[in-house]
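Trainee: Have a look at the structure that comes next, please.
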Amino acid sequence: MNTLTRRVATVASTGALLLGGAVATASTASAATVGSRACTHQIKINTDVYTTVKFRTGPGTGYAATGQLSKGTAVYWQCNKGRNDKPGAWGYVTVKSGAHKGKTGWVAAQYINVPMQLD
């Protein structure tokens, strides 16, 4: 390890210790995908989205959009963050058709077709 590399590592380590690790994690938190561990309610149904909607890395508009799901895109709705009968709920889905087939991510629950309230 050269001198410059050691200095950078030392400065980064010191900064992380002084700020309680915030420096080390801040740059990766926005890029991380929030998976099903964020779920609060189980859903487990095959359904679709009823309008074009952004597909996100986490349950909220503060997370990056990785693309859009077109109207009628088939999804397996695994679970919710929040309740889908309350404002602000998000559904964690696996995409079953279209450009994002096979990917998992988050969609605002209000845009997922559902025949009734499910917990």
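FYI, it's all coordinate maths here, none of it is from the lab. This structure is a prediction, so every number in the text was calculated from the model and none was measured. All Cβ positions, glycine included, derive from the backbone under ideal geometry; neighbour counts span all protein chains shown.
Trainee: Is region 49-119 best put as rounded, prolate or oblate by its Cα gyration tensor, with a ≥ b ≥ c the root eigenvalues, rounded for a/c under 1.5, and otherwise prolate when a/b is larger than b/c, oblate when not?
Mentor: On the way: a/c = 1.68, a/b = 1.23, b/c = 1.36.
Oblate, because a/c is 1.5 or more while a/b does not exceed b/c.
Trainee: Near Gly67, within a Cβ-to-Cβ distance under 10 Å, what is the net charge of the other residues, with Lys and Arg +1 and Asp and Glu -1?
Mentor: Working: positive: Lys54, Arg56, Lys103; negative: none.
That works out to +3.
Trainee: Give, as ranges by residue number, the residues of region 79-97 whose backbone N falls under 18 Å from the point 7 Å along Cα→Cβ of Gln42.
Mentor: Answer for region 79-97: 79-84, 91-94.
Trainee: Quick query: amide H of Val75 versus all other amide H atoms, modeled in the peptide plane; which residues come in under 5 Å with a sequence gap of 5 or more or a different chain?
Mentor: Thr47, Asp48, Val49, Lys96
Trainee: Starting at the first residue of region 44-60, write each ³J(HN,Hα) from the Karplus equation 6.51 cos²θ - 1.76 cosθ + 1.60 with θ = phi - 60°, in whole Hz, x for Gly and Pro.
Mentor: 6, 9, 8, 7, 8, 9, 9, 8, 5, 9, 6, 9, 10, 7, x, x, x
Trainee: Follow-up. Can you spot the lysines whose alpha carbon is less than 19 Å from Lys44's alpha carbon? Ignore those fewer than 8 places along the same chain.
Mentor: Candidates past the 8-residue exclusion: Lys81, Lys86, Lys96, Lys101, Lys103.
Trainee: Taking the Cβ of Asp48 as the center, what net charge do the other residues with Cβ under 14 Å away carry, scoring Lys and Arg +1 and Asp and Glu -1?
Mentor: +3
Trainee: For region 62-79, take each phi angle, set θ = phi - 60°, evaluate the Karplus expression 6.51 cos²θ - 1.76 cosθ + 1.60, and give the result in whole Hz per residue in order, putting x for glycine and proline.
Mentor: With coefficients 6.51, -1.76 and 1.60, one gets x, 8, 5, 8, 9, x, 10, 9, 6, 3, x, 4, 6, 9, 9, 7, 7, 6 Hz.
Trainee: Work from the charge dipole of region 66-119 (Cβ charges, +1 for Lys and Arg, -1 for Asp and Glu, about the Cα centre) and give the residue of Tyr76, Ser97, Val107 farthest towards its positive end.
Mentor: Checked the options; the winner is Ser97.
Trainee: What number comes out for the charge environment of Trp106, summing +1 per Lys or Arg and -1 per Asp or Glu over other residues with Cβ under 12 Å away?
Mentor: Details: positive: Lys54, Arg56, Lys81, Lys103; negative: none.
Neighbour charge sum, excluding Trp106 itself: +4.
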